[in-house]
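Structure, as C-alpha cells:
The values are calculated or read from the model by the stated rules, or taken from the named source; none is laboratory data. Just so it is clear, the structure is predicted and the values come from calculations on it, not from any experiment. Please note: Cβ atoms are built from the backbone with ideal geometry, for glycine as well, and neighbour counts cover all protein chains shown. Keep in mind that these areas ignore ligands, DNA and RNA; they rest on the heavy atoms of the full protein, side chains included. Shrake-Rupley method; radii C 1.70, N 1.55, O 1.52, S 1.80 Å.
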Amino acid sequence: MAEFRLRPANGYYAKLNRRLPRPEDPHGFDATGLAVSMALCRGFAGQDSGTPPFVALDFEVWGAHERACFARLLRDHRYLIEMLVTRSGAALFTSCPFKNVEAAEYVSTFEELELYFANEVDPENQFALQCKFGRHARATDIKHSLQIALALYDATMGYCLPQPQRERILEHGCFAARALGNGG
C-alpha cells in the first residue's frame, strides 16, 4: 500500500562517480547502495490460506562498495553489530543462495550474517536484514527495530564516505546501550 525509503542523498553518488539510482534517473540502477525502508503491506487471500496485513522494515546493502564497507564495519565493531542485529529481531535475506548459509541450521541471524560474509564473492552484492510486524505488533517494537536499522545505516554510511568516519557507530552509544539492555 505504501513504502517509505531512506537512501543516500544524490551527492553521495556524485562523489563516488556513480549515476543516480531509479527513480531519479530512469536509466539508473535499482541498487541504491544503502537503504532503510518501511513498507505497509495489505493482506491478501490465497486459494488455501491468506496473509494478513503486515509492516516490513528493511536495512538493505546493495552494491559492491557498500558490501565491502559493511564487511569492514562488521570486522571493526563485531560486538556492537552482533548486539544490534540480535536485538532488532531481523532475519537475513540475500539475492543469491549461499551453501554455507543454507547448511547452517538453528543459528542466529548474526551467525548467518557472518557466514554470508565468509563468502568473498556475492554476484549481486546484496543482503537485507528484515523485520516483519503483524497487525498486533506494538508501536514500540516497530520503533525499536527502526532505530536499530537507522543506526546500522548511519554506521555503514560512515564507512562508505570518501573520507570514512569509522567511529560513527559510537555516536549511537546511548541508543546502543538501551538496545543492549544496559540502561543509557
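Please report, in debye to the nearest 20, how large the charge dipole of the range 2-180 is about its Cα centre when each Lys and Arg carries +1 at its beta carbon and each Asp and Glu carries -1 there.
560 debye
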How do Glu102, Glu60, Glu66, Glu24 stack up against each other in accessible area, from largest to smallest, with a 1.4 angstrom probe? Glu102, Glu24, Glu60, Glu66
Aspartates and glutamates within cross-link reach of Lys15: Cα-Cα under 19 Å, excluding same-chain residues under 8 positions apart? Glu24, Asp25, Asp30, Glu66, Asp154
Any idea how far apart His27 and Gln47 come out in nm if each label point goes 7 Å out from Cα toward Cβ? 4.4 nm
Quickly work out the Glu105-to-Tyr79 label distance, labels modelled 7 Å from Cα along the C-beta direction, and quote it in nm with one decimal. 3.3 nm
So with the 1.4 Å probe, I'd like the accessible area per residue for the chain, rounded to whole Å². 57 Å²
Translational D (Stokes-Einstein, µm²/s) of the range 2-180 at 4 °C and 1.567 mPa s when Rh comes from the Kirkwood sum over C-alpha pairs? 75 µm²/s
Of all accessible surface on the chain at a 1.4 Å probe, what whole percent is carbon and sulfur? 53 percent
In deg cm²/dmol, rounded to the nearest 500, the helical mean residue ellipticity at 222 nm of the chain, built from -39500 (n - 2.57) for every DSSP H run of length 4 or more, is -12000 deg cm²/dmol
Length-normalised contact order of the chain in % [C-alpha pairs under 8 Å, at least 6 apart]: 23 percent
In Å, descending, principal axis extents of the Cα set of the range 35-119: 46, 28, 25
For the range 123-170, which trypsin sites (Lys or Arg not before Pro) pass both filters: DSSP loop (anything but H, G, I, E, B) and at most 10 other C-beta atoms within 10 Å? Arg135, Arg138
